[in-house]
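Here is the structure we will look at, set down as structure tokens.
The values are calculated or read from the model by the stated rules, or taken from the named source; none is laboratory data. These numbers come from a predicted model, not from an experiment. Because the Cβ atoms are built from the backbone with ideal geometry, glycine has one as well, and the counts that use them run over all protein chains shown.
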Amino acid sequence: MAIIDFFDRGWRLNPHGAAYIQDGQVTSFTEAGEMSCRIANALLASGYSSGMKGAVWAANDVTAWLCALGLWRANMCWIPVGARNAPEENRHVLDAFDCEVLFYQREFAETVAALRPQLPKIREWICIDGEVEGAESLESFVAEQTATDPRVAVDPDDVIWLGPTGGTTGLPKGVMNTHRSVQTSFAHFMINTPYPAGARPVNLAAAPMTHTAGMLSMPCTARGGTVVVITKPEPQLLLAAIPTYGVTEFFLPPTVIYRLLDIPDLNKKVDFSSLRYFLYGAAPMSVDKLRQAIEVFGPVMMEGYGQTEAPGAIAHLPPGEHFVDGEVASDERLSSVGRPNPLIRVEIMNDDNQILAQGETGEICVRGDLIMKGYYKEPQKTAETIIDGWLHTGDIGHLDADGYLHITDRKKDMIISGGFNVYPSEVEQVLWGHPAVRDCAVIGVPDEKWGEAVKAVIELNEGQSIDAEALIALCKDKLGSVKAPKSIDIVESLPRSPVGKVLKKDLRARYWQGASRQI
């Protein structure tokens, strides 16, 4: 299937139904589908063709998402642009990935105008919500176009999503995902989120559609369901939307879930009865807070593990697998990311690319239609990452006796202290269990004796205080003295990416400034 086929499936199932709702405004499947056709026809009339690249720079907005659908209907390659990224990072992405047409909202017009002289490859600038100097309005761009599907020929291995990744460790690389890899991702999600026959899912897009939320909405769209778009990242709006629209599925990163759990008596204030799937991922989650989330939101929590190179669907832990014999499962089960999905093969390998026995720890490697085609214009990095058909994820982990996949840490985050390997996630799980701790990050810092010493950097819950020595003693009791932090710093907020991942590289830089070790 082509990626646009997933939208068209929903269009056929529910032509007059609500495809998108934003600020109370309903866009039907037919309205959305016809606009995507007009955008595709306008792109083709302007001389764009399969494989050429277009980007969408916008906050959370339905029209912006329809521009992405229009790019796909023309079989062009979509470049997502982070609305909260630094302008220089977005400039690099647009230039390095050879963007030729940019759709953007008026609120970014001043930033776009400042960057424009540095983006000579872009030959068309289209403002999606009005008129600005130096750009054509979307209304004008599509004015002469028909609402008929251009039916552009596609190949399953055409690149249709050029996703930036690696921005936490340097300039972003471009991950080339294809119709094949994306359809596998959607298939895995749909396998893990069954609905009764004829049911219409309601997906809540709390994050920008032109980022993770848009891709996670497509399986709902393929089922003829409704996507509710939250235009402002405010917890009150998100929570109010769930009972108002009967939301059945949505995604949040753990850091946002923690903030919701801080709201007293949340499950008495909000009706969560419509929820079937509350997806969490993008960063590790505290097992203690996961147990709390199950108590507050109900038996609906669902973990997803993936990365841009294998989008979103390496493994899932569905709601039912959070339980054993009717009781919440053990910490061992809850700390996993679920079992690997059925349309791929997952193995654990050592540094010599040899497959390890079940239970042994090594690098998580993936093979199958889910994995990327490669990094854009970076054959050397592609060859280092995909070896003999296996994607080397950079994640360290193991498969337990029941086949559940556990992520110990990122390979680059492992701390070597006095010759011993310390995996930060083990320490973080202990610290997360303390009631005063909202979030934390464990890193290695310079130490003359040990090379690296374990340090914890902690955010506290509002109104809480903490005894650092008591926390260190707790870790020693649970993990032993080697893995326990040697020091703890308390900060107001940890550095995070736009999707909520803690930027450990930025955190380490504060402590390694002037040191010889490469971070």
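Scan the stretch 371-396 residue by residue and report those that are over 24 Å from GLU452 (Cβ atoms) and either in a helix (DSSP H, G or I) or among the charged types (D, E, K, R) (or both). Across the stretch 371-396, the qualifying residues are LYS373, LYS377, GLU378, PRO379, GLN380, LYS381, THR382, ALA383, GLU384, THR385, ASP388. For the stretch 469-478, the criterion of being closer than 23 Å to THR361 by Cα, in contact (Cβ under 8 Å) with a residue 60 or more places away in the chain and surrounded by 20 or more Cβ atoms within 10 Å (Cβ to Cβ) is met by no residue.
A quick yes/no check of all residues on (1) more than 24 Å from the chain's Cα centre (by Cα); (2) small (Gly, Ala, Ser); (3) buried (at least 16 other Cβ atoms within 10 Å of the Cβ):
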{"site": "MET1", "(1), (2), (3)": "no, no, yes"}
{"site": "ARG12", "(1), (2), (3)": "yes, no, no"}
{"site": "HIS16", "(1), (2), (3)": "yes, no, no"}
{"site": "MET35", "(1), (2), (3)": "yes, no, yes"}
{"site": "ALA42", "(1), (2), (3)": "yes, yes, yes"}
{"site": "THR63", "(1), (2), (3)": "no, no, yes"}
{"site": "ALA68", "(1), (2), (3)": "no, yes, yes"}
{"site": "PRO87", "(1), (2), (3)": "no, no, no"}
{"site": "HIS92", "(1), (2), (3)": "no, no, yes"}
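Counting residues in the stretch 307-326 that are under 16 Å from ASP400 (Cα atoms), assigned to a loop (DSSP other than H, G, I, E, B) and either modelled with pLDDT under 95 or in contact with a helix residue (DSSP H, G or I) (Cβ under 6 Å, 6 or more places away or on another chain) (or both) gives zero. Counted as qualifying within the stretch 397-515 are the helices (runs of 4 or more DSSP H) with 1 or more residues that are more than 26 Å from THR165 (Cα to Cα) and not basic (Lys, Arg), namely 424-432, 468-479. Can you tell me which residue among ALA143, ALA153, ALA113 is under 30 Å from ASP369 (Cα atoms) and surrounded by fewer than 16 Cβ atoms within 10 Å (Cβ to Cβ)? The conditions single out ALA153. Cβ separations smaller than 6 Å between residues 6+ apart or across chains give the following pairs from the stretch 388-410 residues that are more than 17 Å from GLY304 (Cα to Cα) to residues that are among the charged types (D, E, K, R) and at pLDDT 95 or above: GLY389/ARG367; TRP390/ARG367; LEU391/GLU309; HIS392/GLU363.
Considering the conditions (1) out of contact with any His (no Cβ under 6 Å at 6 or more places or on another chain); (2) surrounded by fewer than 22 Cβ atoms within 10 Å (Cβ to Cβ), HIS398 is excluded by exactly one of them, (1). Of all residues in the stretch 115-125, at least one satisfies being in contact (Cβ under 8 Å) with a residue 40 or more places away in the chain, more than 27 Å from PRO495 (Cα to Cα) and not small (Gly, Ala, Ser).
One residue alone among ALA153, ALA187, ALA199 is of a type outside the set (S, T, N, Q), touching a residue at least 24 places away in the same chain (Cβ under 8 Å), in a helix (DSSP H, G or I) and farther than 30 Å from GLU107 by Cα, and that residue is ALA187. Of the residues making up the stretch 491-515, those that are within 16 Å of ILE443 (Cα to Cα), surrounded by 17 or more Cβ atoms within 10 Å (Cβ to Cβ) and among the aliphatic types (A, V, I, L, M) number 3.
Screening THR231 on (1) modelled with pLDDT of 95 or more; (2) more than 15 Å from GLY500 (Cα to Cα) shows it passes everything except condition (1). Within the stretch 352-370, the residues that satisfy the criterion of being assigned to a loop (DSSP other than H, G, I, E, B) and either in contact (Cβ under 8 Å) with a residue 60 or more places away in the chain or not aliphatic (A, V, I, L, M) (or both) are ASP352, ASN353, GLN354, GLN358, GLY359, GLU360, THR361, ASP369, LEU370. The residue that is surrounded by the most Cβ atoms within 10 Å (Cβ to Cβ), among those in the stretch 208-257 that are in a loop (DSSP other than H, G, I, E, B) and hydrophobic (A, V, I, L, M, F, W, C), is VAL247. Across the stretch 440-451, not a single residue is classified as among the aromatic types (Phe, Trp, Tyr) and either touching a helix residue (DSSP H, G or I) at 6+ places or on another chain (Cβ under 9 Å) or modelled with pLDDT of 90 or more (or both).
Screening GLU131, GLU139, GLU110 for residues that are assigned to a loop (DSSP other than H, G, I, E, B), over 28 Å from LEU507 (Cα atoms) and acidic (Asp, Glu) leaves exactly one candidate, GLU131.
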